[in-house]
Ligand code: GLN
Ligand code: ZN
C-alpha cells in the first residue's frame, strides 16, 4: 500500500513578506498591475517548488490569494454586492480590492488596534470582515441579496492550475465548498435563508469543476470546514444535495472533501455518506475520530490523515505518529497531510538565525512540517530504517522538550496546581467593594476614563525603532517616554477626565510587551502569519512554564502617578488574551498555561496595589475569540478562562477597583461568564450599536459597573457632545445611572491627537451634561 504526502495550502505572503510589499506599493500607486501580477506569479512558483523540494507528492493550487480566499470565492461565483458596481464578465482587480478595503476618495487610513477591526476613509465601505473559524485569520464575509444570482466571474482557479502545470506541477486545486461558502456569508436582510441559494450556486461550482477537468485536473480539494461545526438537519441535508448534484454533474473529477479545525462529530455519518472519492480529517484537533472513520468508511474512500499540526509551530513526535499510522498503511492507501492549510503557520524556521538554538530545535514552520511528512511517508513506504537519522532527531527533540529545565519549573507548576478556591475570590461581594471604592476614590456620577493607550505617533514609533537599533540610549529613550507620559497626563487633567491613564507609549503591543518580560516566551524575527489582507502578525511563542522575574509595569505606573493627584489606572493585559494571541505550548492543556500566566499577572496586580495604585485594568480583549467551535465545549473553556482572570484580579483589597475591557459587544451568549469574572467595572464597545447591545447586561441584572463605549475609535470622526450624551441617555434606560462609566470603545493608539483631543473633550462635556 502506498502513502503519499499532500499539503492543503501554503502560506501566501512570501518568506520575506513579498506579497505585502507588492500589494501596498500597488495600492499606493507606486507600482503597476503588471508588477503586482508578476510578484504574485513569482510567489506561487516559489511555493510550488518549495513544497515539491520538501517532498510533497500532492501540492495545491488556488491557495494563493491577493487578499483572502473567501473573497476569491465570492468573486468566482459573482457574489458582488451592487454598491461595488455591476460586474460584466470577470471581477476586475479594482472591484476586488474595493470589496476588500473599500474604495477611498483620498488618503488611505488602514488601522489596526489589535482587536481585529479596521477602518477606511472611503465612499464605498469594505465588505464586513470576521474571523475564520477559531483562527486569527480574517475573511471577508460574502453578502447575498434576496434575488441573488450566481455566475462564473473569475477563472482564477483554472488559470492557476494551468500556470502550475506549465511549471511542471500537476496540482490539486483548492476550492472552498459551496455549503461552507454559503454558511460563512450573510443575507443582506436577515430573513434570507442562505442555504436556499444552494440550488442556484451549484451550477457555477459544476462549471468550475468541468473547466478544471478539461484543463487536466484529476482531483480537487473541496474544503468544507463547516462540517466540524454544530449543524442542523437542514444543513446536513444541504451537504447531501450539494455533493450528489456535483458528482452527478461532473462525474469525472475526484473530490477530496476536506475538513479541519476539529472533528466531524455528529456530522460524521453525513460526511461518510457523501459521494466523494476522498476525505481529509484533522487528527491533531480530533485524533479520536480516526477509529470510527476507519470502521465506517468504504474501503475505496481515500483517506487523507491530517497528522501534523497546521495551527501551531511545534515539531511533531514522528515515532508516535508512525506507531499510529503503520497498521493503517498496511491495509489501505493513505495520504498524510498537515491538519489544515499551512496558512496559519510561519513559513521557514531557517530564517530565525538569532533564535535560541535549544528552543529552535523544538520548532517546525510550514517548510519543516512538509519535511516531517516526507519523513513519515518514507518510513511508511520503505520502513523506519530508511529514515533512521531523521526519526532519531525527532525523538531527541521530543526528549529534550520533555526534560529541559528551560521549560519545566517545579515551583511554577506547584503554584498553578493549588486548588485553594480563595485564590480566585475577592474578599467581599461587589456591593461591599463598591462602597469601599466610593470612599477611596470619590468619583462623580458618570465617571470618565479612557481605555489605556494614546496615539502612537510617528515620533513614538520612531523613537522605539531607534532604541531597538541602539541608535539612542535606553536613558534617552526612557526620558522621551516620560515626557510623552507627563504631557498626556497634563492634558487629561486639563480636559477633566476623572480616572487617568499613562498612555502606553512604552508598549509596542499589548501582548508582546508582557511576553517580553515574562519567562517562558520567545519572539521571532520573521515568523509572520496573515491576519487579514496585507496585515500580518508575529505571535509570541509560549514554550515553557511562565514566571515573572521582575515587575513589568510598576515603574511606569509610579512615574505616571507622581505626575498627578487624580487616580491613575494601572494597565495590564489579562492571561486569556495573552494566551489567545500566542502560539501556545502543546505539551500541557491550554488551561494550565493560562493559569500560570494568571499567577504571573496576579503578582503584578499585587505590586501595583502595594505601591498605592487605586484602580487596575486587566484587558481581556481576546476572551471571546477563544470560544471553541462547538457549543458543548464552551462551558469548559469559559470556566477556566474566567477562573484565570479571577486568579489575576482577586489578590487585592476591597477598595482597589478592578476594571476589565473587551473590544466587542456581543455578550448575550456569554454574559453569565462575564458576570462571573467579578470585575468592578467593565468597558465594552457599543458606540456603533446604539447601546442596544447593553440589553444582555439588563436582562441578566448585571450587578457591577459598565462603561459602554460612546466614541467609535475605529473612525476618524469626532463625535459631538450631544451624540455622546444621547448614547448615555440610551444607556441609562438599560442600566442604572449609578452603574455607568463614560469612555471610548477601545484604546486610542491608532488615532491622531488632532482627533483624540476634541473627541475626549466632548466626551467629558457629555458626562457633565448628564450629571447636571
Ligand atoms: N489597553 C489597551 C489599549 O488601550 C486595550 C487594547 C485593546 O483592547 N485591543 O490600547
Ligand atoms: Zn479594545
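Residue-by-condition table, conditions (1) surrounded by fewer than 19 Cβ atoms within 10 Å (Cβ to Cβ); (2) modelled with pLDDT under 95; (3) at positive phi; (4) outside the structural domain of residue 5 (by TED's automatic domain parsing):
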residue: 158; (1), (2), (3), (4): no, no, no, yes
residue: 167; (1), (2), (3), (4): yes, no, no, yes
residue: 171; (1), (2), (3), (4): no, no, no, yes
residue: 181; (1), (2), (3), (4): no, no, no, yes
residue: 184; (1), (2), (3), (4): no, no, no, yes
residue: 188; (1), (2), (3), (4): yes, yes, no, yes
residue: 200; (1), (2), (3), (4): yes, no, no, yes
- Query: Does any residue of region 211-219 turn out to be under 31 Å from the mean Cα position of the chain (by Cα) and surrounded by fewer than 18 Cβ atoms within 10 Å (Cβ to Cβ)?
  - Reply: no
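Among the helices (runs of 4 or more DSSP H) lying completely within region 560-679, list those that include at least 2 residues that are touching a helix residue (DSSP H, G or I) at 6+ places or on another chain (Cβ under 7 Å) and within 16 Å of ligand 2 (Cβ to nearest atom). Walk me through how you get there before you give the answer.
Values: elements: 575-580, 590-610, 634-649, 671-676.
Those helices (runs of 4 or more DSSP H) span 575-580.
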- Item | Number of positions in region 426-448 that are farther than 24 Å from residue 647 by Cβ and either without any contact (Cβ under 8 Å) to a residue 60 or more places away in the chain or surrounded by 13 or more Cβ atoms within 10 Å (Cβ to Cβ) (or both) | 8
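Quick one: which of 497, 445 is assigned by TED's automatic domain parsing to the domain that holds residue 750, in a loop (DSSP other than H, G, I, E, B), touching a strand residue (DSSP E or B) at 6+ places or on another chain (Cβ under 7 Å) and modelled with pLDDT of 95 or more? Give the derivation first.
On the way: 445 fails: touching a strand residue (DSSP E or B) at 6+ places or on another chain (Cβ under 7 Å).
Among 497, 445, only 497 is assigned by TED's automatic domain parsing to the domain that holds residue 750, in a loop (DSSP other than H, G, I, E, B), touching a strand residue (DSSP E or B) at 6+ places or on another chain (Cβ under 7 Å) and modelled with pLDDT of 95 or more.
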- Task: Please give the number of the condition residue 717 fails out of (1) modelled with pLDDT under 95; (2) within 19 Å of residue 661 (Cα to Cα).
- Result: (2)
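Rundown of residues vs (1) within 16 Å of ligand 2 (Cβ to nearest atom); (2) touching a residue at least 24 places away in the same chain (Cβ under 8 Å); (3) in a helix (DSSP H, G or I); (4) not assigned by TED's automatic domain parsing to the domain that holds residue 100, yes/no style:
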residue: 470; (1), (2), (3), (4): no, no, no, yes
residue: 493; (1), (2), (3), (4): no, yes, yes, yes
residue: 507; (1), (2), (3), (4): yes, yes, no, yes
residue: 526; (1), (2), (3), (4): no, yes, no, yes
- Query: What do you reckon, is residue 761 within 30 Å of residue 460 (Cα to Cα) and part of a helix (DSSP H, G or I)?
  - Reply: yes
- Query: Given the residues 696, 687, which is the only one that is over 26 Å from residue 772 (Cβ atoms), assigned by TED's automatic domain parsing to the domain that holds residue 449 and within 26 Å of the chain's Cα centre (by Cα)?
  - Reply: 696
- Message: I'd like to check which helices (runs of 4 or more DSSP H) are fully inside region 13-112 and have at least 3 residues that are closer than 27 Å to residue 346 by Cβ and touching a strand residue (DSSP E or B) at 6+ places or on another chain (Cβ under 8 Å).
- Response: 69-77
- Item | Tally, over region 699-757, of residues that are assigned to a strand (DSSP E or B) and at positive phi | 0
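With assigned by TED's automatic domain parsing to the domain that holds residue 460, at pLDDT 95 or above and farther than 27 Å from residue 573 by Cβ as the only criterion, which of 759, 675, 704, 725 stands out? Write out each step before concluding.
Numbers: 759 fails: farther than 27 Å from residue 573 by Cβ; 675 fails: farther than 27 Å from residue 573 by Cβ; 704 fails: farther than 27 Å from residue 573 by Cβ.
Checking each option against the conditions leaves just 725.
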- Query: Can residue 513 be described as assigned to a helix (DSSP H, G or I) and in contact with a helix residue (DSSP H, G or I) (Cβ under 6 Å, 6 or more places away or on another chain)?
  - Reply: no
- For residue 565, work out the one condition from (1) surrounded by 21 or more Cβ atoms within 10 Å (Cβ to Cβ); (2) away from ligand 1 (no atom under 15 Å from the Cβ) it doesn't fulfil. (1)
- Task: Go through (1) surrounded by 16 or more Cβ atoms within 10 Å (Cβ to Cβ); (2) within 16 Å of ligand 2 (Cβ to nearest atom); (3) over 22 Å from residue 618 (Cβ atoms) and name the single condition residue 731 misses.
- Result: (2)
- Query: Is it the case that residue 665 is within 16 Å of ligand 1 (Cβ to nearest atom) and within 13 Å of residue 745 (Cβ to Cβ)?
  - Reply: yes
- Message: Which condition from (1) in contact with a helix residue (DSSP H, G or I) (Cβ under 7 Å, 6 or more places away or on another chain); (2) within 16 Å of residue 751 (Cα to Cα) is the one that residue 458 breaks?
- Response: (1)
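Does residue 177 count as modelled with pLDDT under 95, away from ligand 1 (no atom under 16 Å from the Cβ), under 27 Å from residue 265 (Cβ atoms) and not assigned by TED's automatic domain parsing to the domain that holds residue 88? Write out each step before concluding.
Values: modelled with pLDDT under 95: no; away from ligand 1 (no atom under 16 Å from the Cβ): yes; under 27 Å from residue 265 (Cβ atoms): yes; not assigned by TED's automatic domain parsing to the domain that holds residue 88: yes.
Against the criterion (modelled with pLDDT under 95, away from ligand 1 (no atom under 16 Å from the Cβ), under 27 Å from residue 265 (Cβ atoms) and not assigned by TED's automatic domain parsing to the domain that holds residue 88), residue 177 does not qualify.
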- Item | Of residues in region 233-250 being in contact (Cβ under 8 Å) with a residue 40 or more places away in the chain and under 31 Å from the mean Cα position of the chain (by Cα), the one surrounded by the fewest Cβ atoms within 10 Å (Cβ to Cβ) | 235
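Pull up region 734-757, narrow it to residues that are touching a residue at least 12 places away in the same chain (Cβ under 8 Å), over 26 Å from the mean Cα position of the chain (by Cα) and farther than 15 Å from residue 448 by Cα, then point me to the one that is surrounded by the most Cβ atoms within 10 Å (Cβ to Cβ). Before the answer, list the steps.
Residues of region 734-757 touching a residue at least 12 places away in the same chain (Cβ under 8 Å): 734-735, 737-753, 755-757.
Cutting the leftovers down to over 26 Å from the mean Cα position of the chain (by Cα) gives us 734-735, 737-742, 753, 755-757.
After this cut, where a residue has to be farther than 15 Å from residue 448 by Cα as well, the list is 734-735, 753, 755.
On the way: 734: 21, 735: 19, 753: 13, 755: 17.
Among those that are touching a residue at least 12 places away in the same chain (Cβ under 8 Å), over 26 Å from the mean Cα position of the chain (by Cα) and farther than 15 Å from residue 448 by Cα, it is 734.
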- Message: Residue under question is residue 712, and the condition is that it be without any contact (Cβ under 8 Å) to a residue 40 or more places away in the chain and within 15 Å of ligand 1 (Cβ to nearest atom); does it hold?
- Response: yes
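The values are calculated or read from the model by the stated rules, or taken from the named source; none is laboratory data. Just so it is clear, the model here is predicted, and its values are computed rather than measured. Here the Cβ is made from the backbone with ideal geometry for all residues, glycine too, and neighbour counts use every protein chain on show.
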